Amino acid sequence: MNIAEKIIKAHLVDGRMTPGLEIGLRIDQTLVHDATGQMAMLQFEALGFPRVAAKRSLIYTDHNILQVGFENADDHAFLASAARKFGLYYSKTGNGICHQVNLERFSVPGQTLLGADSHSTTGGAVGELAIGAGGLDVAVAMGGRPFYLPMPEIMKIELTGQLPPWTRAKDVALEILRRLTVSGGRGRLLEFAGEGLRQLTVTERATVANMSIETGAITAVFPSDEQTLAFLRRQGREADYRPLQADADAQYRETVSIDLAALEPLAAAPHSPDNVRPVRELAGAKVDQVAIGSCTNSSLEDLMTAAAILKGRKIPAQVSLIIAPGSRQVFQELANRGALADLIAAGARIMEVACGFCNGVGQAPQSEGLSLRTSNRNFPGRSGTKNARLYLVSPETAAASALAGVITDPRELGQAISIVPPEQFVLDDSLIVPPAPEAEAAGVEIVRGPNIAPLPFFEALPDQLEGEVMLALGDNVTTDDILPAGAHILALRANIPAISRYIFSNIDPDYHRRQKAAGAGLVVGGRNYGQGSSREHAALAPRYLGLKGVIAESFARIHKANLVNFGLLPLDFVRPADRASIRAGDRLKLDNLKSLKGGQTLTVKNLSQGSEFEVKLDVSERQAAILKAGGLLAQARQG
């Protein structure tokens, strides 16, 4: 067996391990944060669970940290009290980004993690099966119920050779994206192997595992080996180590071989993570902003490298250099080693230990500005500036370019820098608040400020559905397209009526008004609809407005599951060519929905054009029952 199959088999509670068939997994750990946790905790409460049943559940405050009004503080007070009552650990603001902190303090080889964030895949760096999902799926897993997903095909990524000087793990991740594109990993799990792994530290592996989700893959997993043991030992967690390797005769659906020695510094150009080009081809373009951090590249190794490049030098006046450490541990180590002083002396701005610039919370570039970022997504408008040009690069390329004021191949810097990690990291978990003892939980009051709105509930699926096509969209529609990121929108994640005003706002600012006026509505899309983040608000808020379903050529896994969970029909064109004939404003009709079955082919009548076309409901029987009930919460209320 391969590594993924071993972990899946050990946690399988329902289904058969046949690729494409639905399986149910027991979940050991769960993770939510302050952009997904509000809904997850409201849903956990609505489902009637008295206490978390997973081995460990955590809430992180790392996204909504810009407190310019009461909203984010309300959310944090709600999350802190809910954590204390229901049995979750609560990581306070300033402790760090969930994926970085979880890797440091909680990820365990061989365990399963379900996180309400797509980049929960970071845990695969230590041999953990770490999967991103919508908040409602995580709420169910917190209650001890299985997490369901299609059994993935296992793709082997075999790494050979050694990385050349100035070429790093970010370049490996970008090379994978160049080959697979943002949809080539759909239905697959990426498992890493090969002698090239020996030189990749856990934090380097974390960068690759983090960005695996950008291919559409379910997750990525690395072996648990000597590098894993060394990392856990430095974290004082040697007891969590267990070796985990694929068997010598392990089988894989497909193998992709990458010769590390043949790689060079790469960059993802605007406006997609798979628009990958060599840095040397982009060299010389004027840079306005450089941002180093995010859950992808904010480890001590990453920031110490940047500090060493910048030491004793000054960035040009026209460049804004932003540094965002990934965790309090990293921040303190930078200070202890003098690297923080080197960064400040070079002219860097030191940001709060949080997600920040990655999800549009501060540090928006100037109009049409060119921003080099070490984060994982460069979708249009994600930075907070709609016409900014975002390039995804390694910390080395970012630091070299910050010094030069133009995009610069770091190989021009000469001798490569090598960072030696400490024998043991600073260990201080004082900002991680444990839950109340179970005997005291009943007396804990949940704090609900005015930003904590009640959960919306929805009616069952009618037998007949007729609705207007509200939007006819193209391929690779992202969750950022459906619900943009940014500080002013993130602050409303606990308030569905308020946040629904921003649905599709970057595509059609009037969509929310049109949808409410239309009543039942449908959206038509192309391939890979809903790629990107796990934000279930991109399904929940459209449902609140009156959207009833999406017809597309194919769907991204997490978004499709979120659509089902909130009673929205995810329908695949049987003939993709039929998509071209549908126009916004057409009225479509479907019949006999109360007898809906998983895998069923349905006929859609286009009343406006007097034509018909076929769609397939590519879901399991379990999901079909959820759709007919009007969503997972509605099904639970019906008993």
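The values are calculated or read from the model by the stated rules, or taken from the named source; none is laboratory data. Please read all numbers here as calculations on a predicted model, not as lab measurements. Heads up, the Cβs are rebuilt from the backbone with ideal geometry, glycines too, and the neighbour counts pull from every protein chain shown.
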- How many residues does the stretch 166-203 hold that are surrounded by 21 or more Cβ atoms within 10 Å (Cβ to Cβ) and of a type in the set (Ser, Thr, Tyr)? 2
- Query: Going through the stretch 354-364 one residue at a time, which ones are in contact (Cβ under 8 Å) with a residue 40 or more places away in the chain and of a type in the set (A, V, I, L, M, F, W, C)?
  - Reply: Ala354, Cys355, Phe357, Cys358, Val361
- When you go through Lys6, Lys92, Lys55, Lys85 one by one, which is the residue that is closer than 19 Å to Glu352 by Cα and either in contact with a strand residue (DSSP E or B) (Cβ under 9 Å, 6 or more places away or on another chain) or at pLDDT 95 or above (or both)? Lys92
- Item | the stretch 283-327, subset β-branched (Val, Ile, Thr) and not in a loop (DSSP other than H, G, I, E, B), residue surrounded by the most Cβ atoms within 10 Å (Cβ to Cβ) | Ile292
- Query: Limited to the stretch 350-387, what total is found for residues that are crowded, with 24+ Cβ neighbours inside 10 Å, hydrophobic (A, V, I, L, M, F, W, C) and touching a strand residue (DSSP E or B) at 6+ places or on another chain (Cβ under 7 Å)?
  - Reply: 3
- Message: Restricting to the stretch 510-546, count the residues that are touching a strand residue (DSSP E or B) at 6+ places or on another chain (Cβ under 6 Å) and over 23 Å from Ala116 (Cα atoms).
- Response: 9
- Message: Suppose we filter the stretch 275-328 for residues that are closer than 13 Å to Tyr391 by Cβ, among the charged types (D, E, K, R) and touching a residue at least 40 places away in the same chain (Cβ under 8 Å); how many remain?
- Response: 2
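Residues are listed down the side, and each one gets a yes or a no for (1) over 30 Å from Met39 (Cβ atoms); (2) hydrophobic (A, V, I, L, M, F, W, C); (3) in the same structural domain as Ile59 (by TED's automatic domain parsing):
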position: Gly134; (1), (2), (3): no, no, yes
position: Arg145; (1), (2), (3): no, no, yes
position: Met151; (1), (2), (3): no, yes, yes
position: Glu158; (1), (2), (3): yes, no, yes
- Message: Regarding the stretch 560-582, can at least one residue be identified that is assigned to a helix (DSSP H, G or I), aliphatic (A, V, I, L, M), farther than 13 Å from Gly467 by Cα and touching a residue at least 60 places away in the same chain (Cβ under 8 Å)?
- Response: yes
- Query: On the given criteria, is Arg535 basic (Lys, Arg), part of a helix (DSSP H, G or I) and within 23 Å of the chain's Cα centre (by Cα)?
  - Reply: no
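If I filter the stretch 609-616 for residues that are of a type in the set (A, V, I, L, M, F, W, C), in contact (Cβ under 8 Å) with a residue 24 or more places away in the chain and surrounded by fewer than 18 Cβ atoms within 10 Å (Cβ to Cβ), do I get at least one hit?
No, the stretch 609-616 contains no residue that is of a type in the set (A, V, I, L, M, F, W, C), in contact (Cβ under 8 Å) with a residue 24 or more places away in the chain and surrounded by fewer than 18 Cβ atoms within 10 Å (Cβ to Cβ).
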- Flag for Gly144 being crowded, with 20+ Cβ neighbours inside 10 Å and assigned to a loop (DSSP other than H, G, I, E, B): no
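Quick grid of which residues meet (1) free of Cβ contacts under 8 Å to residues at least 24 places away in the same chain; (2) in contact with a Pro (Cβ under 8 Å, 6 or more places away or on another chain); (3) within 22 Å of Val202 (Cβ to Cβ):
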{"position": "Glu333", "(1), (2), (3)": "no, yes, yes"}
{"position": "Ala348", "(1), (2), (3)": "no, no, no"}
{"position": "Glu352", "(1), (2), (3)": "no, no, no"}
{"position": "Gln366", "(1), (2), (3)": "no, no, no"}
{"position": "Ser394", "(1), (2), (3)": "no, yes, yes"}
{"position": "Ile417", "(1), (2), (3)": "no, no, yes"}
{"position": "Val420", "(1), (2), (3)": "yes, no, yes"}
{"position": "Phe425", "(1), (2), (3)": "no, no, yes"}
{"position": "Asp429", "(1), (2), (3)": "no, no, yes"}
- Query: Just wondering, is there one or more residues in the stretch 182-195 that are on the phi < 0 side of the Ramachandran plot, touching a residue at least 60 places away in the same chain (Cβ under 8 Å) and part of a helix (DSSP H, G or I)?
  - Reply: no
- Message: Pull out all pairs, ordered by first then second residue, where Cβ-Cβ is under 9 Å, the residues are six or more apart or on different chains, the first lies in the stretch 335-346 and is crowded, with 20+ Cβ neighbours inside 10 Å, and the second is aromatic (Phe, Trp, Tyr).
- Response: Leu340/Phe331
- Task: Being crowded, with 17+ Cβ neighbours inside 10 Å and more than 26 Å from the chain's Cα centre (by Cα) is the filter here, so list the residues in the stretch 264-282 that pass it.
- Result: Leu282
- Task: Go through the residues of the stretch 216-226 one by one and say whether even a single one is assigned to a helix (DSSP H, G or I) and among the polar types (S, T, N, Q).
- Result: no
- Meets criteria (under 30 Å from Lys55 (Cβ atoms), modelled with pLDDT of 90 or more and not assigned by TED's automatic domain parsing to the domain that holds Gln318) for Phe425: yes
- Task: Name every residue in the stretch 400-419 that is in a helix (DSSP H, G or I) and in contact with a Leu (Cβ under 6 Å, 6 or more places away or on another chain), in order of residue number.
- Result: Ala400, Ser401, Ala402
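Residues checked against (1) in a strand (DSSP E or B); (2) over 24 Å from Gln635 (Cβ atoms); (3) in contact with a His (Cβ under 8 Å, 6 or more places away or on another chain); (4) of a type in the set (D, E, K, R):
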residue	(1), (2), (3), (4)
Ile65	no, yes, no, no
Phe78	no, yes, no, no
Ala82	no, no, no, no
Leu114	yes, no, no, no
Thr121	no, yes, no, no
Lys156	yes, yes, no, yes
- Working only within the stretch 249-263, note down all residues that are out of contact with any Leu (no Cβ under 8 Å at 6 or more places or on another chain) and buried (at least 16 other Cβ atoms within 10 Å of the Cβ). Ala250, Tyr252
- Residues of the stretch 439-473 satisfying the condition of being in contact with a strand residue (DSSP E or B) (Cβ under 8 Å, 6 or more places away or on another chain) and not in a loop (DSSP other than H, G, I, E, B): Leu465, Glu466, Gly467, Glu468, Val469, Met470, Leu471, Ala472
- Go through the residues of the stretch 384-407 one by one and say whether even a single one is over 25 Å from Ala308 (Cα atoms) and within 20 Å of the chain's Cα centre (by Cα). yes
- Can you pull out the residues in the stretch 1-27 that are surrounded by fewer than 21 Cβ atoms within 10 Å (Cβ to Cβ) and within 19 Å of the chain's Cα centre (by Cα)? none
- Note on the structure: Considering residues that are in contact (Cβ under 8 Å) with a residue 60 or more places away in the chain and surrounded by 15 or more Cβ atoms within 10 Å (Cβ to Cβ), the number found within the stretch 592-608 is 2
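Restrict the check to the stretch 99-111 and report whether at least one residue is of a type in the set (Gly, Ala, Ser), outside any helix (DSSP H, G or I) and either over 28 Å from Ser224 (Cβ atoms) or in the same structural domain as Gly326 (by TED's automatic domain parsing) (or both).
The answer is no, given that none of the residues of the stretch 99-111 is of a type in the set (Gly, Ala, Ser), outside any helix (DSSP H, G or I) and either over 28 Å from Ser224 (Cβ atoms) or in the same structural domain as Gly326 (by TED's automatic domain parsing) (or both).
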- Criterion (assigned by TED's automatic domain parsing to the domain that holds Asp480, within 32 Å of the chain's Cα centre (by Cα) and more than 30 Å from Arg145 (Cα to Cα)) met by exactly one of Ala584, Ala629: Ala584
